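Derivation of every value follows stated rules applied to the coordinates shown; laboratory data play no part. Remember, predicted model here, so these are calculated numbers, not experimental data. A quick note on method: Cβ atoms are made from the backbone with ideal geometry, for glycine too, and the neighbour counts reach across all protein chains shown.
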Amino acid sequence: MKKIKMERVQNPDSTMSIVLPTAARAALRGQGDTDYTCASCGKILLRRVLDKEIRNMVFKCPLCGAHSRIPASQHARRR
């Protein structure tokens, strides 16, 4: 299983959906091969996902409050 640190988003804009996971669970859990962690504190926000399926979404960490997204380089890599 790969683990990748997400990219920090300072000011999410209105074109992005903001997902608010709970402290106990990852925001999304799938059948992919990658876990994604908060850009600030390292909490797993996405577990076993396919990054090519997640676009224009920002995840607010329930522990530290930082906003994170999958790095653009990961989208380009999967095309």
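Give me Leu20, Leu45, Leu28 ranked fewest to most by other Cβ atoms within 10 Å of their Cβ, as a rough exposure proxy.
Ranked by crowding around the Cβ, least crowded first: Leu20, Leu28, Leu45.
Could you give the radius of gyration (one decimal) and Dmax (whole number) of the Cα atoms in the range 2-77, in Å?
In Å, with Rg to one decimal and Dmax whole: 11.1, 31.
Could you please report the charge total around Gly65, scoring K, R as +1 and D, E as -1 over all other residues with beta-carbon less than 13 angstrom from its beta-carbon?
Within the 13 Å Cβ shell, the charges total +3.
Based on the alpha-carbon gyration tensor of the range 13-53 and its eigenvalue square roots a ≥ b ≥ c, which shape applies: rounded if a/c is under 1.5, prolate if not and a/b is larger than b/c, or oblate?
Judged from the Cα gyration tensor, the range 13-53 comes out oblate (a/c at least 1.5, b/c at or above a/b).
Looking at the range 2-77, send over the antiparallel percent of its DSSP beta bridges, to the nearest 5.
For the range 2-77, the DSSP antiparallel bridge percentage is about 45.
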